[in-house]
1. Could you grab me the full set of residues in segment 5-55 that are polar (S, T, N, Q) and free of Cβ contacts under 8 Å to residues at least 12 places away in the same chain?
2. Restricting to segment 92-128, what's the tally of residues that are in a strand (DSSP E or B) and within 19 Å of A10 (Cα to Cα)?
3. Pick from T48, T31: which is of a type in the set (S, T, N, Q) and closer than 20 Å to S121 by Cβ?
4. Here's a check for you: in segment 56-68, which residue that is at pLDDT 95 or above and open to solvent by 70 Å² or more (accessible area, probe 1.4 Å) is nearest to K107 (Cα to Cα)?
5. Looking at segment 25-55, which of its residues are crowded, with 16+ Cβ neighbours inside 10 Å and β-branched (V, I, T)?
6. Looking at segment 36-58 only, could you name the residues that are in a strand (DSSP E or B) and closer than 28 Å to E103 by Cα?
7. Please go through segment 69-90 and give me each residue that is in contact (Cβ under 8 Å) with a residue 40 or more places away in the chain and either among the hydrophobic types (A, V, I, L, M, F, W, C) or open to solvent by 70 Å² or more (accessible area, probe 1.4 Å) (or both), ordered by number.
8. For P109, work out the one condition from (1) of a type outside the set (S, T, N, Q); (2) open to solvent by less than 70 Å² (accessible area, probe 1.4 Å); (3) modelled with pLDDT of 90 or more; (4) out of contact with any Pro (no Cβ under 7 Å at 6 or more places or on another chain) it doesn't fulfil.
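The values are calculated or read from the model by the stated rules, or taken from the named source; none is laboratory data. Please read these numbers as outputs of a predicted model, since none were measured by experiment. Because the Cβ atoms are built from the backbone with ideal geometry, glycine has one as well, and the counts that use them run over all protein chains shown. For accessibility, only protein heavy atoms count, side chains too; no ligands or nucleic acids. Shrake-Rupley method; radii C 1.70, N 1.55, O 1.52, S 1.80 Å.
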Amino acid sequence: DPTPNNQIKALVVAINEHVEEDVTLVIDGVTVNCFASVCPYEISIGNTYNVELTLTLAENYEIQSVTSIDFLIEKKGDGFAYFLYGKLCNDVFNTFTVFHDEEIHYKHPNLNDQLIKLEVSRIDAAFF
């Protein structure tokens, strides 16, 4: 199930010419390929927009504790999937941005206040 996040500013750096929902954004200096789940207006490359990010997790997603973090985001294959690295603090996952995700916290309370590696199927971006 998708989990909502706060609105943040994102710079659009690419839009897939074949799949218009496939957008590449720069958020806090990190480039990430997202699925534009809500886009009530036309977006343009080079413009900054308010977006709300949502993590979509696979049914059997991978999550594990890690001892250190060398980077915050790692692309997994060619699609929208990523491994995100960060710290889980109750229902907040601090990675390249802050995600509020109660599902992870409740399903994995043993990982609270730990550095984790989390597999996400995709990161949805809702434009507002």
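1. Of all residues in segment 5-55, those polar (S, T, N, Q) come to 5-7, 16, 24, 31, 33, 37, 44, 47-48, 50, 54.
Passing the criteria: only N16.
2. Taking segment 92-128 first, the residues in a strand (DSSP E or B) are 92-94, 98-100, 114-120, 122-127.
Narrowing the set further to residues that are within 19 Å of A10 (Cα to Cα) leaves 93-94, 98-100, 122-127.
Within segment 92-128, residues that are in a strand (DSSP E or B) and within 19 Å of A10 (Cα to Cα) number 11.
3. Details: T48 fails: closer than 20 Å to S121 by Cβ.
One residue alone meets the criteria, T31.
4. Ranking the candidates gives Q64 first.
5. Here is the first cut: in segment 25-55, the ones crowded, with 16+ Cβ neighbours inside 10 Å are 25, 27, 32-37, 39, 43, 49, 51-55.
Correct list: I27, V32, I43, V51, T54.
6. To start, the set of residues in segment 36-58 that are in a strand (DSSP E or B) comprises 36-38, 48-56.
The answer is A36, S37, V38, Y49, N50, V51, E52, L53, T54, L55, T56.
7. Start the filter on segment 69-90 by keeping residues that are in contact (Cβ under 8 Å) with a residue 40 or more places away in the chain, which leaves 69, 72-73, 75-76, 79-82.
Across segment 69-90, the qualifying residues are I69, L72, I73, K75, K76, F80, A81.
8. With (1) of a type outside the set (S, T, N, Q); (2) open to solvent by less than 70 Å² (accessible area, probe 1.4 Å); (3) modelled with pLDDT of 90 or more; (4) out of contact with any Pro (no Cβ under 7 Å at 6 or more places or on another chain) applied to P109, the lone miss is (2).
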